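Each remark here refers to the structure printed beneath this line.
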Amino acid sequence: MPVLITSGLSPEAWRLQRILGTSDVVFSDESQMPGIPGIRSIVLPTYSSGSYIHETLKACLDYNIDRVYPLKQGEVLELSKARDLYSEYNIRLVIPSGDWLKENHSQTISNAANITVVEECVVKAGSLPPGELIPPDGTGIFCWATGTGKIQYSLYII
């Protein structure tokens, strides 16, 4: 089944697709993406729009999408409010828990070269440093760095 990756005009979206190792992707953005043969893309409203949650859900149902990888902090925060709604349709939002977001949503790591996609405490893509445990929340797209002598995690957002 296809997955949805937001911020389709950003290099981060294309990097995530490469890390996930799938070509079955629908990219979304607030602006029309250039026509690239073999690439599916859609326009979705900005996360601050009152219709963002429902338009994104409609796109997921129209394209038979079973996972959503949001790459903007506002999208992550808005979608976290609709987790139960998406769950009713068996659509997995690959975002951390609400508690983790409240405590950590403002933490960022500049130019983090390492990305890990974790779903239900299982690394689905990317890598962890040797001997390191799963990031402190069981689901999300995390970037990490070791610059301070210990592993630091943050959301992989643009």
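Throughout, read-outs are computed from the coordinates displayed, never taken from laboratory work. Just so it is clear, the model here is predicted, and its values are computed rather than measured. FYI the Cβ positions are ideal-geometry reconstructions off the backbone, even for glycines, and counts take in every protein chain you see.
Quick notes on this structure:
- Read-out Rg and Dmax of the Cα atoms in Å, derived from the coordinates shown; its label in [x] 21.4, 74; [y] 15.0, 42; [z] 15.1, 46: [z]
- Percentage of interatomic Cα-Cα distances in the stretch 6-79 larger than 17 Å: 40 percent
- The angle between the Cα long axis of helix 52-62 and the main principal axis of the chain comes to about 70°, on a 0 to 90 degree scale.
- Each of S97 and C121 was given a label point 7 Å from its Cα along the Cα-to-Cβ line. The distance between the two points is 1.1 nm.
- Taking amide H as placed 1.01 Å from N in the peptide plane, S41 has its amide H under 5 Å from the amide H of F27, each at least 5 places away in sequence or on another chain.
- Under-21-angstrom lysine pairs by C-alpha in the stretch 28-158, whenever the two are 8 or more apart or on separate chains: 6
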